[in-house]
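Each remark here refers to the structure printed beneath this line.
The values are calculated or read from the model by the stated rules, or taken from the named source; none is laboratory data. Just so we're clear, the structure is a prediction, and the values are computed from it rather than from any experiment. Note that each Cβ is placed from the backbone with ideal geometry, even for glycine, and that neighbours are counted across all protein chains shown. These accessible areas exclude ligands, DNA and RNA; they are computed on the full protein's heavy atoms, side chains included. Shrake-Rupley method; radii C 1.70, N 1.55, O 1.52, S 1.80 Å.
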Amino acid sequence: MRKLFLPVLLCFALASCKWDNEQDLYPEETGGGTNCDGSTAITYSASIQPILSARCLSCHSASASSNLGGGVRLDSYQNVKARADNGSLVGTIKHQSGYPQMPRGSGKLSSCQISLIEQWIAAGTLNN
């Protein structure tokens, strides 16, 4: 009986994760639950702002220490739009030459998060 217990337990443990996917398990890392392929409408409030809240606002907001964000604030739509319009938002998150690599001190945004931001910009940086 004891020899049968471990294989059965292992089988159940492996089967329980069979249908898990990265987006369901780690939504803030993959895009907050928004599809990266453009099949879901990308909005500032539901797609972009949650990424910024999770990855940027600890340094780039009014409540952050003034020396952390280098004077760059991303805590309002207007501030984010200005950075998106001048290209610095994408330049920094994609770690392009000539831009500081952000977020500083942590890993690069996921390819899904970067894609969502690029799609939002391509769609006109709407405040929706």
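The table below gives the values:
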{"item": "Heavy-atom accessible area per residue - the range 42-128, 1.4 Å, Å²", "result": "51 Å²"}
{"item": "Heavy-atom accessible surface of the range 69-124: percent carbon and sulfur, 1.4 Å", "result": "49 percent"}
{"item": "Potential extension, LEU68-LEU126 segment - 0.36 nm per residue separation minus Cα distance", "result": "18.1 nm"}
{"item": "Value of Rg/Rh across the range 65-119 [Cα atoms, Kirkwood radius]", "result": "0.94"}
{"item": "Simple label model, 7 Å out from Cα along Cβ direction - GLN96 to SER76, nm", "result": "2.6 nm"}
